[in-house]
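Input: a single structure, listed below in structure tokens.
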Amino acid sequence: MKRTLSSMAALILAATAVTAAGGSAAAHAPARADGAGEHFYTTKTTYAPQQDARRYEPVPASFTPVFTESVSRHGSRAMSDSEDGDAVLAVLRDAEGKGALTRLGARLGPQVESLLAAASSVGYGELSGRGAQEQRQTARRMEQRLPSLFRAIVAGQEPVEVKTSGVNRATASANAFTGGLTAADPKLADLVQAPVTDKDLLYFHKQPQNAAYQEYVENDPDLAAVLARIDGAPDTARNAKEVVSRLFSSGYVTAMTAEDRVAFARSLYELYAAAPDLGVEAPDVDLDVFVPARNAQWFSYLDDAEEFYEKGPSISGRTITYDMANVLLDDLFDQVEAKAGGTSAKGAVLRFTHAEEIMPLAVLLGLPGSTESADLDAPYTYENNAWRGAQVAPMAANVQWDLFAGPRRAGKDAKGQKSGKKAPSGTRYLVRMLYNEKETAFKASCEPIARGSHFYDLDELRNCFGRS
């Protein structure tokens with residue numbers, strides 16, 4: 001959520017409460033030197049696959065892929081609006097009029113103007129050129145991982161279903177993705193269905209049935225208190241002062257209120273994090289020099305904390321941030337079960353959504369970094385929790401389930417172990433999950449077909465997710 005100037009003032013005053021409640025906030029994020037190559041873009045991080053497909057576990061013998069489905073966040077996009085850029089430019093112009101810009105500060109304005117121009121050319125909130133590239137490339141890698149499946153889809157004329165949240169950047173992502181598929185194999189063109197909007201499935205955080213969640217985000221006193229405690233830490237004011245001191249004269253910095261320093265630094269951080277997403281439209285914009293890594297890390301922590309509490313594992317004992325994602329988890333199961341049960345002719349189901357849906361789904365699936373909530377008396381920090389927005393839900397983040405079919409061996413149970421009784425003959429189905437294209441285990445209570453394997457019997461997944 002956006003922090004207004006008045007609310008920022010209150011947060012700075014809350015710094016004493018942080019010290020009283022648990023000491024200095026300096027320990028909330030690990031200290032790092034300002035090193036080259038370090039970036040802290042949180043959920044605005046541009047996409048990169050997390051594993052080389054050549055290193056994937058081999059598919060078990062006699063099994064072939066028969067279906068795939070995915071849930072993808074939209075690709076890199078332009079900022080939602082010009083608010084942060086306008087705020088930064090207003091302060092820069094005021095300082096320039098007073099002769100208070102440093103040599104570095106004088107370089108910032110043109111960079112911000114270029115970034116805003118690029119965002120305006122794309123359309124605020126819309127998919128950027130880089131975002132379209134991310135989706136096309138991800139689609140191509142999907143095809144390369146599962147060539148026999150896509151040949152079978154073409155041979156069997158199996159439809160490829162496409163669903164989106166209905167928001168422009170999600171629909172544009174779907175079109176870029178399917179464009180990548182059909183460019184590689186034009187025979188898929190007639191099988192890829194037009195995107196269908198399903199807000200209850202892919203934009204559930206905004207729907208009326210989740211009014212209790214919306215009330216939590218807006219008015220829950222525990223949520224407000226823990227975010228005030230984190231945002232109001234002394235390190236926020238200290239990092240903000242370090243940022244502005246490099247851009248403005250000492251006299252100008254002294255004349256700024258603590259509130260104004262923080263508001264400026266946080267707006268500048270938002271632009272710093274958004275700039276790589278517009279790399280195609282604004283290739284010469286680089287804001288790293290204006291936000292040193294040590295400062296960017298602190299502001300990324302503040303951003304991650306907000307996402308953690310509002311969309312992730314959140315407060316211990318609370319499930320309101322992720323219960324609503326069960327509709328999406330149910331659909332993942334429904335699709336593989338329908339294919340395995342012979343009631344679906346689909347070859348693939350592709351869904352395009354938002355970070356607000358990916359983050360709670362990650363909690364339900366027990367994905368890495370999304371398994372631990374935070375006690376109210378021990379708030380989320382980078383030291384005590386593995387959750388990072390850049391890893392959980394970067395731009396174009398995706399979860400993929402691949403379904404494989406093979407023979408069910410007589411005399412063995414669903415896991416392939418000797419059962420002591422005759423097992424039913426027929427087809428056995430295995431599921432493999434990829435998270436940002438990395439082979440990923442299901443939650444710990446689910447047992448793979450062998451120790452260390454990433455393949456799970458579909459019946460085992462039904463059992464461990466309580467779907468039997």
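The values are calculated or read from the model by the stated rules, or taken from the named source; none is laboratory data. Source: prediction; values computed, not measured. Glycine also receives a Cβ, built like all others from the backbone with ideal geometry; neighbour counts cover every protein chain displayed. The area values use the complete protein model at the heavy-atom level, side chains included, leaving out ligands, DNA and RNA. Shrake-Rupley method; radii C 1.70, N 1.55, O 1.52, S 1.80 Å.
Applying the selection to the range 70-103, what residues are surrounded by fewer than 17 Cβ atoms within 10 Å (Cβ to Cβ) and either touching a helix residue (DSSP H, G or I) at 6+ places or on another chain (Cβ under 7 Å) or modelled with pLDDT under 95 (or both)?
SER82, LYS98
Could you please let me know if TYR216 is part of a helix (DSSP H, G or I), within 28 Å of ASP94 (Cα to Cα), touching a residue at least 24 places away in the same chain (Cβ under 8 Å) and touching a helix residue (DSSP H, G or I) at 6+ places or on another chain (Cβ under 9 Å)?
Judged against the criteria, TYR216 is not a match.
Consider only pairs whose beta carbons are under 8 Å apart and that are at least six residues apart or on different chains; among these, list those whose first residue lies in the range 187-211 and is under 15 Å from VAL154 (Cβ atoms) and whose second residue is assigned to a loop (DSSP other than H, G, I, E, B) and open to solvent by 80 Å² or more (accessible area, probe 1.4 Å).
From the range 187-211, the pairs are LEU191/GLN157.
When the range 442-452 is examined, which residues are found to be crowded, with 16+ Cβ neighbours inside 10 Å and in contact (Cβ under 8 Å) with a residue 40 or more places away in the chain?
PHE442, ILE449
Evaluate the following for VAL244: is it within 30 Å of ARG136 (Cα to Cα) and either more than 23 Å from the chain's Cα centre (by Cα) or open to solvent by less than 10 Å² (accessible area, probe 1.4 Å) (or both)?
No; evaluated as a whole, the condition is false for this residue.
Step by step: first the residues of the range 50-67, then only those that are of a type in the set (S, T, N, Q) and in a loop (DSSP other than H, G, I, E, B), then the one that is most open to solvent (accessible area, probe 1.4 Å). Which residue is that?
Across the range 50-67, the extreme among qualifying residues is GLN50.
Out of all the residues in the range 118-167, which are of a type in the set (Ser, Thr, Tyr), in a helix (DSSP H, G or I) and over 13 Å from MET79 (Cα atoms)?
THR138, SER148
Quick one: SER80 ticks every box in (1) without any contact (Cβ under 8 Å) to a residue 60 or more places away in the chain; (2) in contact with a Gly (Cβ under 9 Å, 6 or more places away or on another chain); (3) in a helix (DSSP H, G or I) except a single one, so which number is it?
(3)
For the range 330-354, enumerate the residues that are open to solvent by 10 Å² or more (accessible area, probe 1.4 Å) and either under 21 Å from ASP198 (Cβ atoms) or of a type in the set (S, T, N, Q) (or both).
Those that are open to solvent by 10 Å² or more (accessible area, probe 1.4 Å) and either under 21 Å from ASP198 (Cβ atoms) or of a type in the set (S, T, N, Q) (or both): ASP330, ASP331, ASP334, GLN335, GLU337, ALA338, LYS339, THR343, SER344, ALA345, LYS346.
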